[in-house]
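Colleague: One structure, as structure tokens, below. Some questions next.
Computed from the coordinates by the stated procedures, all read-outs in this text should not be read as laboratory data. As the structure is a prediction and not an experimental result, all values here were calculated from the model. Methodologically, a virtual Cβ is constructed for each residue, glycine included, from the backbone with ideal geometry; neighbour enumeration extends over all protein chains shown.
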Amino acid sequence: MVKRYGWGWLLLFGLLQGGSCERPSLEPVPSPADPYSFFVAGHVYGTQSHADTSDAPYPPFVAALGALEGDGVKSGVLLGDVVYQPTAARFDALEAALGSFRPGIRVTPGNHGFEWERGRALPGIFDERFGPRNQVWTDQYDVFLAFDSNEGHWRLTPDQFSRLQTTLQAADSIRNIFLFTHNVLWWEASPDSLYHFPTPNSLWNRLDTLNFHSEILPYLQSLQRPVYFFPGDTGNACNGRELTYRREENVHLITTGMGCSTRSNLLDLRVDAAGEVKVDVVGLGSETMGGLDQYKF
């Protein structure tokens, strides 16, 4: 049986008082662990045209949940924009659609689903149903961190970066590290940049100067462990960039999302007893989608 342990923020705040920000010295994983699986899905409200007529999530996503459940998947991470507007009726419809998955669901905040004031998402229904906005959890020797990328306007804030570092320092043995945000933190505005390719649905609330390439990516590359980083604000437009993948040494950067009628997608992740991660693409549109390597940029 897969065992899941939640790490409270009180532990992290204690660590922040005395922890350093150096790369952790990670010990080898002592023994095989139980295999497990989970799914990752972005932008599950789908399209505005659908949201104008229904409170429920994007129908192809709801249909896919049944297939995932049949394959034994019991948990998942939703990468923001889970509802189009922050109403109780829409959150009720989302939770009803999740059904038996609901206890195993984590959600990162998007730009939809909140009331906003001066670029800040106000406390509301999202926090009552799916908070806290920043979360850390583990599954055996694997560490998961979900961050609210609205806090820093597409930057990891100093506090969030410290939480990432101290979490990894506190773990004796780590096989894999999984990170989740709503915004595509590595997108760059210059058309000449390689990182201009993975097109976000929206650039709303984004600062011009970010810290992914200067701080976050170099740190992740120093960890000497596989890192899988998933943002979900893509896939609304049919532009050939509904799913993108790039590997930077040990760091796998994967965008996923839905709304496009042809290439909406989510990801089905399987972790075997040895800690090897397999990422399967689940197509939700009219086109047959290939394996993850087909979407490299």
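Colleague: Grab the other residues whose beta carbon is less than 15 angstrom from that of S286, score K and R as +1, D and E as -1, and report the net.
Modeller: Taking every Cβ under 15 Å from that of S286, the sum is -1.
Colleague: How far apart, in nanometres, would the label points at E69 and D293 be if each is projected 7 angstrom from Cα along the Cα-to-Cβ direction?
Modeller: 3.5
Colleague: Here's something else I'd like to know. Exposed loop trypsin sites (Lys or Arg not before Pro) only (DSSP loop, at most 11 other Cβ atoms within 10 Å): please give the longest stretch of the chain free of them, not including the sites.
Modeller: Working: sites that count: K3, R118.
Between exposed loop sites, the widest span is 119-297.
Colleague: Still on this structure, I have one more. Sort the chain into rounded, prolate or oblate with this rule: let a ≥ b ≥ c be the square roots of the eigenvalues of the Cα gyration tensor; rounded if a/c is under 1.5, and if a/c is not under 1.5, prolate when a/b is larger than b/c, oblate otherwise.
Modeller: Since a/c stays below 1.5, the shape of the chain is classed as rounded.
Colleague: Also, quick follow-up: Let me have the relative contact order for the chain, percent, based on Cα pairs under 8 Å that are six or more residues apart.
Modeller: 21
Colleague: Still on this structure, please answer the following. Is the shape of the stretch 133-196 rounded, prolate or oblate, going by the alpha carbon gyration tensor and its root eigenvalues a ≥ b ≥ c, with a/c under 1.5 for rounded and a/b larger than b/c for prolate? Before the final figure, lay out each step's value.
Modeller: Working: a/c = 2.55, a/b = 1.85, b/c = 1.38.
Judged from the Cα gyration tensor, the stretch 133-196 comes out prolate (a/c at least 1.5, a/b above b/c).
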